[in-house]
Amino acid sequence: MDWAGWALFGLLATTVLTALMISAQLGGLSRLDLPLILGTVATPDPDRARVAGFGIHLVVGQVFALGYAACFALLGEASWWLGGLLGALHGSLALTVLIPLLVGIHPRMASNRAGPRSTAVLEPPGLLGLNYGAQTPLITFTAHVGYGVALGLLLGAR
Amino acid sequence: MSPHGPRPTDRTWHDINSLGTPIEDYALLGDTRSAALVGPEGSIDWLCVPRFDGRPVFGRLVGGPAAGSFRLAPARPLGLASRRYRPESVTLETTWDTDAGPLTLTEGMVAEVSGDLLPSTMLVRRLTARDGPVEATITFDPRLGEQHQSPRVQYRDRDRVLVCTWPTTAIALKTNSAVRVQPGLPQTVTVSPDRPFTCVLAVADREPLTYVDHDAAWEALQRDELRWQAWCRDIDPTIPHRDMVTRSLLTLRLLTYSPSGAPVAAPTTSLPEVVGGIRNWDYRYAWPRDASIGIAAFLGVGKHEEARAFLAWLLSATRLDRPRLPVLLTLHGKHPAPERELKNWAGYADSLPVRLGNGAADQHQLDGYGWVLDAAWLLTQAGHRLYSETWRTMAGFADNVAARWRQPDAGIWEVRADTTHHVHSKLMAWLALDRALLLAGHHRASPGRMRRWTAARAELREEIASCGFDPERGTYTRSYGSPDVDAALLILPKLGFEPICSPRVSGTIDAIVHDLDAGPPLLYRYPPRHDGLPGIEGAFLPCSFWLVEALAKSRRVVEATSLFDDLIALASPVGLYAEEMDPLTHHHLGNFPQALTHAALVQAALALRDAGAR
């Protein structure tokens, strides 16, 4: 297990993922804003939430990178394509399980069952995050594949 | 009599009554996620699932009998005795006389389902007899979607639960009677004073069905009723016609999609603006303009959470288009699918086509920016500091206005003809820049940006005064060089563009009242036949409420009060309004109920209150 590689490259790969998502958002392709969604768990101010959310996302990314590093260690190999495959699995999991489940635990995210008492301000992501724009599934999936490819490349190079 | 000649409908109301229920005879049931329309004969003729813009499961309103309905009523009614919403709630109560005594139908949709194992769409209907056993009829005929698809039918719990399924949608109808409800076939049940008949309709879309016990459903509806009453309690008791203002606020809240905060313009599609005509549009979308007007209405009665929710929706929904402000969006902020016409849909009173989608989505409308920036300014005035992101968005809108105000646009009325220089749009562009400059006093903006806004605002003022004003008649006009007036200009007194009592403002109000009179208290929005479509549409109800507001703000309070009283008398039997009204018969026209009309009613009442009227 490459602990030093995990510590550094996990951070880099998460930054790549976040940068891809933010670029897509700024390019008008998706309204999915992971730092905002994660950060509004702590504060309602969007600007402050993004800062907090970026930190949370780095921590979460690091946790996932541990899983990637463990897989590479078990398989005895780290490569860009293996990382890409794991990224595809990770992206699919994020779209079908992780993002939809946020509704159940996020204090400021409405659910599709929200009623008049709801004071939540973030709309629910819906199936595959489609409420945040039609391109959201593709962007999210691609960004996670990018995360896996980056980790595979960097850990494989050591 | 209208100065514009014959009545604006192509068909008499005798014909309509023979074809269907008059629009204003429907009442709204809702849960802030979807809504149903129920007629005075106990028939639910409209319900889309799982959301306002979903597929109709009961579509008889515009699809004819083949599109499905759900009727619950006495088997042999002698007549309708009363129909009302329970005070300060959205629970509807309809009582019919029968030869065995009165029979009352109490019904509603449950809004608060979070935290309990309840379906997100749940409709509860209870029949109660007072004097003795009364025979009632239940006709349950769900048909899903464009093709009026019949369900696959199964029974559970010793035939007490009817389950209707389609590939992704399922409905459970549970009753407390032994009667076996069969879709499409009328069944008779006997309702005794000691044993009400209760039906619970639960809908599941891409999720498991929930069977809800009738007592649990009834209790959930009653809990909802208490919540609505609590919500209404703090509405200012000094507002004129407080009961109607309360009904309007409840309607606005019912038409706000809680999961995203999007205000839907109306829960229906294709209720005609001309009966038998082609002016049939899909209003199950959210217009940023309407959201902004809603913000003003809710803020005016102290409902700050609702106002902030509208702004939050605006921010989220417009993110992909900034700095452009889309004309309309879906409930989750997407662009609507292209407008299309439904085949094999009968239309309301043969008014074809029935449309899905709305072609106005692709238009350029300058006025929306003014409404949105004004709403942000109102929130700031009410003590809410805008988040930095909100301010950046508003500043981006102002930049866009400063860059594009010289272009012609489609205008507030979304006329599907060539674009032109609408004076109302230019005024709203001026308002956008003015409010941006006011907001800049509370936020950071570069000196260069403020100079651009200030210069554009000054140019707009000059151009509007020189090109948009008819000095001979002393009125602002519909568009540059046009002899016509436009009822949208009634918002002039609240903009701050001119002193309230200036002759230009009063001249414009008077010219509108003269030229667009549809028979007091009604106004056309623009001169009839000036929109390139066949037929003459009805009077446009929000304009009449804007006239009340304009008169009240111009200190013509007696006129305003009298007009408001007359308009209140034109409400539907349960206090709702459509978008338009037939000037002669006072039947409602267009999609129903209409959020813009109800928001305008609230603002008119607030203006009267502020002017000292009682």
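When A:61, A:87, A:129, A:83 are screened for being touching a helix residue (DSSP H, G or I) at 6+ places or on another chain (Cβ under 8 Å), in a helix (DSSP H, G or I), on the phi > 0 side of the Ramachandran plot and surrounded by 15 or more Cβ atoms within 10 Å (Cβ to Cβ), only A:129 passes. Quick check: is even one residue across segment B:134-141 surrounded by fewer than 22 Cβ atoms within 10 Å (Cβ to Cβ), more than 14 Å from chain A (Cβ to nearest Cβ), farther than 21 Å from residue B:223 by Cβ and among the small types (Gly, Ala, Ser)? No, that holds for no residue. Could you tell me whether any residue of segment B:403-416 is modelled with pLDDT under 95, of a type in the set (D, E, K, R), out of contact with any Pro (no Cβ under 8 Å at 6 or more places or on another chain) and part of a loop (DSSP other than H, G, I, E, B)? Checked against the condition, which is being modelled with pLDDT under 95, of a type in the set (D, E, K, R), out of contact with any Pro (no Cβ under 8 Å at 6 or more places or on another chain) and part of a loop (DSSP other than H, G, I, E, B), segment B:403-416 yields at least one hit.
At pLDDT below 95, of a type outside the set (S, T, N, Q) and buried (at least 22 other Cβ atoms within 10 Å of the Cβ): is that true of residue B:179 in this structure? No: the conditions fail for residue B:179. Check segment B:316-334 and report whether any residue there is within 14 Å of chain A (Cβ to nearest Cβ), under 29 Å from residue B:364 (Cα atoms), surrounded by fewer than 20 Cβ atoms within 10 Å (Cβ to Cβ) and not basic (Lys, Arg). Yes - at least one qualifying residue is present in segment B:316-334.
Of all residues in segment B:457-476, none satisfies being buried (at least 22 other Cβ atoms within 10 Å of the Cβ), modelled with pLDDT of 95 or more, among the hydrophobic types (A, V, I, L, M, F, W, C) and within 31 Å of the chain's Cα centre (by Cα). Residue by residue through segment B:133-166, note down the ones that are assigned to a loop (DSSP other than H, G, I, E, B) and under 31 Å from the mean Cα position of the chain (by Cα). Scanning segment B:133-166 gives B:142, B:143, B:145, B:146, B:147, B:148, B:150, B:151, B:166.
Could you list, in sequence order, the residues of segment B:167-181 that are in contact (Cβ under 8 Å) with a residue 12 or more places away in the chain and not in a strand (DSSP E or B)? Correct list: B:168, B:176, B:177, B:178, B:179, B:180, B:181. Do we find a residue being within 30 Å of residue B:400 (Cβ to Cβ), within 12 Å of another protein chain (Cβ to nearest Cβ), surrounded by fewer than 23 Cβ atoms within 10 Å (Cβ to Cβ) and out of contact with any Cys (no Cβ under 6 Å at 6 or more places or on another chain) anywhere in segment B:282-304? Yes, segment B:282-304 has at least one match. So, residue B:213, is that one farther than 30 Å from residue B:565 by Cβ, in contact (Cβ under 8 Å) with a residue 12 or more places away in the chain, within 14 Å of another protein chain (Cβ to nearest Cβ) and not aliphatic (A, V, I, L, M) or not? No; evaluated as a whole, the condition is false for this residue.
Looking at segment B:79-132, the strands (runs of 3 or more DSSP E) lying wholly inside it that each contain 1 or more residues that are without any contact (Cβ under 8 Å) to a residue 40 or more places away in the chain, farther than 23 Å from residue B:176 by Cβ and not aliphatic (A, V, I, L, M) sit at B:92-98. For segment A:1-33, filtered to residues that are within 14 Å of chain B (Cβ to nearest Cβ), surrounded by 15 or more Cβ atoms within 10 Å (Cβ to Cβ) and among the hydrophobic types (A, V, I, L, M, F, W, C), the residue that is farthest from the chain's Cα centre (by Cα) is A:29.
Where residues in segment A:103-158 are under 20 Å from residue A:83 (Cβ atoms) and among the aromatic types (Phe, Trp, Tyr), which of them is farthest from the other protein chains (Cβ to nearest Cβ)? Once the filter is applied, the top-ranked residue is A:147.
The values are calculated or read from the model by the stated rules, or taken from the named source; none is laboratory data. Because the structure is predicted, anything quoted here is derived from the model rather than measured. Cβ sites come from the backbone with ideal geometry, for glycine too, and all protein chains shown count toward neighbours.
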